[in-house]
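Below: the structure, in C-alpha cells.
The values are calculated or read from the model by the stated rules, or taken from the named source; none is laboratory data. A quick note: this is a predicted structure, and the numbers were derived from the prediction, not measured. All Cβ positions, even for glycine, are placed from backbone atoms using ideal geometry, and neighbour counts span all protein chains on display.
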Amino acid sequence: MKKPPSYETQDLREFAEVLSGRRTIELFLHTPVPEDLVSQAIEAATWAPNHHVTEPWHFYPFGRRTINACVDLVRQIVTEKKNDPRAGEHKAKGWSEKPGWLLVTCRKSDDEVLQQEDYAACCAATQNLMLYLWKAGVGSKWTTGDITRDPRFYEIVGVDPAREFVVGLIWYGYPKLTPTQSRKPPGDVLTRLP
C-alpha cells in the first residue's frame with residue numbers, strides 16, 4: 001500500500017510563514033518597487049479561483065499624475081467631511097507618502113449570484129497579489145475608504161461605475177515598520193460538523 005505524502009515539509013512551513021507573517025503596512029520606505037515585480041504580482045493574482053473562469057478583475061497601477069489627483073481629492077473629501085482644512089491636509093500628507101498605488105476593480109453583473117462570486121474571486125486575487133508582494137519583501141495596505149466610493153475618484157481613474165466597481169485601493173512599498181499581530185486559536189473559529 002502506498003504511503004500518503006507528508007505534509008511536514010520545509011516548503012509547506014515556509015508557505016505558512018508567508019501566510020501568517022503578512023501584515024498591513026502603514027509606513028513605507030521611499031525606495032521604489034520595480035514595475036516588473038508588480039507585473040509579476042498581478043499575474044500571480046489572476047490565478048485566483050473564479051467560478052466559470054469569469055476573470056472579473058482589472059488592475060490599474062497609478063502613475064504620479066493620478067496619485068497627485070487622488071491626494072488632492074482625499075484632502076477635499078476629509079476637509080468637507082470634518083469641516084476642517086487641517087484634517088484634510090494631514091490626511092493628504094499621509095497619502096502622499098505612499099510609494100506605490102494599485103486599484104483593483106470587479107466587473108459588474110446584473111446577476112446577483114454571479115456578482116457575489118466575482119467579488120469573492122477579486123478578493124482572492126487581491127490576497128494573491130499581496131502575498132506575492134510580501135514574499136518579495138514588499139508590504140501593502142488594502143483600503144476601501146470613502147474615496148473609493150466617490151464619483152470624482154472614478155473620474156480621476158477613468159473607470160466607468162456602470163461597468164465595474166472598486167474592490168480595493170492597494171498601497172505598496174518596502175515596509176518601514178512591520179507591526180506584530182495575533183489571531184484567535186483555530187479552536188475558537190472552528191466547528192466540526194458531523
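Listed values, structure above:
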read-out	value
Every pair of residues 6+ apart whose Cβ atoms lie under 8 Å, when the first sits in segment 96-123 and is part of a strand (DSSP E or B) while the second is of a type in the set (D, E, K, R)	105/164; 106/118; 106/164; 107/118; 107/163; 107/164
Helices (runs of 4 or more DSSP H) contained in segment 1-92 and holding at least 2 residues modelled with pLDDT of 95 or more, in contact with a Gly (Cβ under 8 Å, 6 or more places away or on another chain) and not β-branched (Val, Ile, Thr)	64-82
Residue selected from segment 149-165 under the condition free of Cβ contacts under 8 Å to residues at least 24 places away in the same chain and in a helix (DSSP H, G or I), by the criterion nearest to residue 59 (Cα to Cα)	154
Test for residue 53: is it without any contact (Cβ under 8 Å) to a residue 12 or more places away in the chain and either among the aliphatic types (A, V, I, L, M) or surrounded by 13 or more Cβ atoms within 10 Å (Cβ to Cβ) (or both)	yes
Qualifying residue in segment 125-136 (condition: within 21 Å of residue 20 (Cβ to Cβ), among the hydroxyl-bearing types (Ser, Thr, Tyr) and assigned to a helix (DSSP H, G or I))	yes
Positions within segment 119-145 being modelled with pLDDT of 95 or more and farther than 19 Å from residue 56 by Cα, in sequence order	131, 132, 133, 134, 135, 136, 137, 138, 139, 140, 141, 143
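Here is a yes/no grid of residues against (1) touching a Lys or Arg at 6+ places or on another chain (Cβ under 9 Å); (2) at positive phi; (3) surrounded by fewer than 13 Cβ atoms within 10 Å (Cβ to Cβ):
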site: 16; (1), (2), (3): no, no, yes
site: 23; (1), (2), (3): no, no, no
site: 35; (1), (2), (3): no, no, yes
site: 45; (1), (2), (3): no, no, no
site: 99; (1), (2), (3): no, no, no
site: 107; (1), (2), (3): yes, no, no
